[in-house]
Amino acid sequence: MDQKELRGRLNYACDTIGLKSKTIAKVAGVEESRLSRFKNGKTMLCRPEAKRLENYFDNFFMVEL
C-alpha cells in the first residue's frame, strides 16, 4: 500500500469512524507526533512505520477505501 492510501485510511479512521490518533499510534507502534504530521500531509512515514500502520489497519481495523 502506498503512503497516499495509508493516509486515506488513517484519515477515514479518525475523521469518519472516530478513532483517536493517539490510540492508533500506540497500538501501531508509531510515535504520536510523527503520525499526526503524516495524517496532516506534512511528512511521510519511513518504511517500517508505514508497514506497522498498514498491519494495524489490516489486522485490527479492516477498512477498504
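Where a Cα-Cα gap under 12 Å defines reach, which aspartates and glutamates qualify for LYS20, not counting those fewer than 8 residues away within the same chain?
GLU32
I'd like the GluC sites (Glu not before Pro) in the chain restricted to DSSP loop residues with at most 15 other Cβ atoms within 10 Å, sorted by number.
GLU31, GLU64
Straight distance only, please: which aspartates and glutamates reach the Cα of LYS4 with their own Cα at less than 13 Å, same-chain residues fewer than 8 apart left out?
Reachable aspartates and glutamates: GLU54.
Using the Cα centre of the chain as origin and beta-carbon charges of +1 (Lys, Arg) and -1 (Asp, Glu), tell me which of ASN55, ALA13, SER36 is placed farthest towards the positive end of the dipole.
It is SER36, whose Cα lies furthest towards the positive end.
Please sort by residue number the chymotrypsin sites (Phe, Trp or Tyr not before Pro) in segment 10-65 whose DSSP state is loop and whose Cβ has at most 16 other Cβ atoms within 10 Å. Write out the running numbers ahead of the final one.
Details: sites: TYR12, PHE38, TYR56, PHE57, PHE60, PHE61; in loops: PHE61.
Taking segment 10-65 and a limit of 16 other Cβ atoms within 10 Å, the loop chymotrypsin sites (Phe, Trp or Tyr not before Pro) found are PHE61.
Which of ILE24, ILE17 has the fewest other C-beta atoms within 10 Å, and how do the rest follow up to the most?
Listed from fewest to most nearby Cβ atoms, that is ILE17, ILE24.
List the trypsin sites (Lys or Arg not before Pro) within segment 15-65 that fall in a DSSP loop (any state other than H, G, I, E or B) and whose Cβ has at most 16 other Cβ atoms within 10 Å.
Listed in order of number, the matching sites are LYS20, LYS42.
Only the coordinates and a few stated rules stand behind these numbers; no lab work does. None of these values were measured; they are calculated from a predicted model. All Cβ positions, even for glycine, are placed from backbone atoms using ideal geometry, and neighbour counts span all protein chains on display.
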